[in-house]
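The values are calculated or read from the model by the stated rules, or taken from the named source; none is laboratory data. In this text, all values refer to a predicted model and were calculated from it rather than measured experimentally. Neighbour counts run over all protein chains shown; Cβ positions are idealised from the backbone, glycine included. Accessible surface is based on the protein model in full, side chains and every heavy atom, while ligands, DNA and RNA are left aside. Shrake-Rupley method; radii C 1.70, N 1.55, O 1.52, S 1.80 Å.
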Amino acid sequence: MKSLKELYKIGKGPSSSHTMGPERAARSFLSLCPEAHKFRVVLYGSLAHTGKGHLTDEAVINVFAPRETEIVFDRERKDLPHPNTMEMFAYKEDGSLILQKTYLSVGGGTVCALGETLPDEGEVYPFLNFEEIRRYCVKENCGLDDVVFRFEGEDIKEYLRMIWRRMKETVECGLKKSGELPGKLHVQRKAATLSRAVAGEGVTEREKRILCSFAFATAEENASGGRIVTAPTCGASGVLPAVLMYLVKKNRISEDLIISALAVAGLIGNVVKTNASVSGAEAGCQAEIGTATAMATAAVCRVYGYTIEETEYAAEIALEHQLGLTCDPICGYVQIPCIERNAVAAMRALDGAELSHVLAGTRKISFDVIVKTMYETGKDLSERYRETSEGGLAAQYNGCR
């Protein structure tokens with residue numbers, strides 16, 4: 001498995017695979033042919049179907065500017081190596097081709113050239129799945145966060161502190177804003193409204209509302225192109241920060257404990273990314289929100305000092321009950337149903353941890369089995385439900401037509 005630095009990335013929204021990924025691919029391509037006079041980029045699959053709403057074209061054009069750049073949205077080609085495939089062409093001033101390269105945006109902002117492995121994506125962990133991690137912890141009598149610190153080194157703690165600072169800044173920024181999100185859906189920001197006191201409500205209701213306000217704040221910042229942390233993606237970036245902010249406000253826990261929680265959450269996300277996918281275009285929203293919920297509930301378990309058994313059970317519950325969740329963003333924007341989905345997932349993360357704590361020792365299904373099941377389910381989902389905006393809510397809503 002790769003470093004958590006490949007899972008937690010700081011960048012601009014609204015989409016890790018459709019905005020951050022193509023931007024990184026463009027920068028990589030430009031470094032290979034800085035002398036180019038003109039560029040042509042062909043977007044395929046999900047990138048072609050929802051690239052406009054995800055600002056894919058703008059992300060690429062901004063990298064190649066001031067050079068002329070042509071963006072082609074090819075929605076017809078089906079024989080693709082990945083649902084998020086793009087071809088880049090560089091030309092001399094006389095129109096002759098300098099270089100052509102195909103890139104795949106595989107989720108979470110990670111990209112690779114077809115047939116190549118990027119040099120910064122080396123293996124850090126000698127584990128293939130959660131079971132191997134669990135066995136190591138039992139043998140070494142250590143916790144899941146210890147695994148991260150042992151194999152990544154002490155510098156990962158400072159990286160995770162930076163990630164936590166960015167998460168907090170994004171939430172705080174989102175809570176201060178109001179008005180409409182960009183795009184033709186005219187969606188109103190709701191984080192600030194959710195954060196205000198409501199007369200007559202009880203403690204439980206108030207806590208849930210505050211938790212949701214944190215999730216809305218990050219998801220709304222993402223939808224507006226703000227800076228966020230992929231956890232594991234942009235579209236699902238509101239779940240983990242919301243849960244961690246909630247735990248900090250409620251329990252006044254230390255930053256060191258938050259760093260440990262981020263480490264444990266990252267391991268869970270890494271297991272999914274290694275054995276399945278965190279890309280909505282490849283496996284539906286179950287891969288994004290489902291993974292984010294599993295990561296967040298594992299973080300809760302670390303904060304409360306739950307066992308590895310309880311942590312695995314919580315992550316399994318979180319992902320199992322998101323199986324089949326479709327990715328159907330209306331008009332291609334990461335707004336409906338994406339923003340509300342982050343808040344609902346944050347509440348599910350707390351519930352998953354509570355259930356696992358009470359029912360520990362009774363589970364029949366491992367986390368690895370659920371990860372495999374999620375991926376198989378995602379592959380069976382019609383393309384209409386994998387970030388193409390051709391099915392589900394996106395098809396029923398006619399406001400974009």
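For the peptides 363-371, 20-28, the ranking by mean Cβ contacts within 10 Å, running from highest to lowest, is 20-28, 363-371.
Given N residues in the chain, what is its alpha carbon radius of gyration divided by 2.2 N^0.38 Å?
0.96
Please compute one quarter of the surface area of the Cα convex hull for the stretch 276-401 and express it in square nanometres.
For the Cα atoms of the stretch 276-401, the hull's average projected area reads 7.3 nm².
Across the stretch 35-138, the fraction of Cα-Cα pairs farther apart than 22 Å, rounded to a whole number, is 44%. What's the percent breakdown of Cα-Cα distances in the stretch 217-311 across 5 Å bins, shortest bin first? Binned Cα distances yield the sequence 3, 15, 24, 23, 20, 11, 4, 1.
Once a ≥ b ≥ c are taken as the square roots of the eigenvalues of the Cα gyration tensor of the stretch 86-228, is the result rounded (a/c under 1.5), prolate (a/b larger than b/c) or oblate (a/b not larger than b/c)? Write down the numbers at each step before the final one.
Numbers: a/c = 2.94, a/b = 1.17, b/c = 2.51.
Oblate shape, in that a/c is at least 1.5 and b/c is the bigger or equal ratio.
Rounded to the nearest 20, the Cβ-based charge dipole of the chain about its Cα centre (Lys and Arg +1, Asp and Glu -1) stands at 1000 debye.
Put simply, when 123-129, 243-249 are sorted by average Cβ atoms within 10 angstrom per residue, most first, you get 243-249, 123-129. Across the stretch 238-283, Cα-Cα pairs more than 16 Å apart make up 49 percent of the total.
Cα convex hull, the stretch 107-186: 185 Å³ per residue, rounded to a whole number.
Counted residue by residue at 0.36 nm each, then reduced by the alpha carbon distance between them, the extension gain from K177 to A113 reaches 19.2 nm.
Going by a ≥ b ≥ c, the root eigenvalues of the Cα gyration tensor, does the stretch 1-83 fall in the rounded group (a/c under 1.5), the prolate group (a/b larger than b/c) or the oblate group?
Working: a/c = 1.61, a/b = 1.11, b/c = 1.44.
Here the stretch 1-83 falls in the oblate category.
Among the aspartates and glutamates, which have Cα under 12 Å from the Cα of K92 when same-chain residues fewer than 8 positions away are ignored? Here the aspartates and glutamates satisfying the reach criterion relative to K92 are E35, E68. Among D256, D79, D94, the residue with the largest mean-square fluctuation in a Gaussian network model of the chain, with springs joining Cα atoms closer than 10 Å, is D94.
What's the extension gain from Q100 to N398 if we count 0.36 nm per residue and subtract their Cα-Cα distance?
Working: separation 298, 0.36 × 298 = 107.28 nm, distance 3.82 nm.
Length gained, Q100 through N398: 103.5 nm.
Quick one: what do you get for the stretch 348-401 if you divide its Cα Rg by 2.2 N^0.38 Å? Don't skip to the answer; put the middle values down first.
On the way: Rg = 17.1 Å, N = 54, 2.2 N^0.38 = 10.0 Å.
Ratio of Rg to 2.2 N^0.38 Å for the stretch 348-401: 1.71.
At 1.4 Å probe size, with the rest of the protein present, what percent of the exposed accessible area of the chain is carbon and sulfur atoms? Please report the intermediate quantities before stating the final value.
Numbers: 8150 of 16370 Å².
The nonpolar share, carbon plus sulfur, comes to 50 percent.
With the helix formula -39500 (n - 2.57) applied to DSSP H stretches of n ≥ 4, the chain reaches a computed 222 nm mean residue ellipticity of -15500 deg cm²/dmol. A crude spin-label estimate for the pair K38 and R384, with each label 7 Å from Cα along the Cβ direction, gives 3.9 nm. Straightening the chain between R75 and D146 buys 21.0 nm, computed as 0.36 nm per residue apart minus the Cα-Cα spacing.
Taking amide H positions as modeled 1.01 Å from N, with prolines and chain starts lacking one, the residues under 5 Å from G235 and 5 or more places away or on another chain are S16. Among rounded, prolate and oblate, which fits the stretch 148-252 when a ≥ b ≥ c are the square roots of the eigenvalues of its C-alpha gyration tensor, a/c under 1.5 means rounded, and a/b larger than b/c means prolate? Judged from the Cα gyration tensor, the stretch 148-252 comes out oblate (a/c at least 1.5, b/c at or above a/b). Heavy-atom accessible area, probed at 1.4 angstrom with all protein chains present, ranks H357, H186 as H186, H357, highest first. Electrostatic bookkeeping for K78 treats Lys and Arg as +1 and Asp and Glu as -1; over the other residues with beta carbon under 14 Å from its beta carbon, the sum is -1. In degrees, nearest 10, range 0 to 90: what is the angle between the Cα axis of helix 308-320 and the longest Cα principal axis of the chain? Once rounded, one gets 50 degrees. Among 150-160, 81-91, the peptide with the highest mean count of other Cβ atoms within 10 Å heads the list, and the full ranking is 81-91, 150-160.
Beyond a 28 Å Cα-Cα separation, which of these cross-linked pairs lie in this structure: K12/K38; K168/K273; K2/K249?
Working: K12/K38 25 Å; K168/K273 24 Å; K2/K249 32 Å.
Pairs exceeding the cut-off: K2/K249.
Residues of the stretch 298-328 falling in the label zone of E376, defined by backbone nitrogen less than 18 Å from a point 7 Å along Cα to beta-carbon, are 316-317, 319-325.
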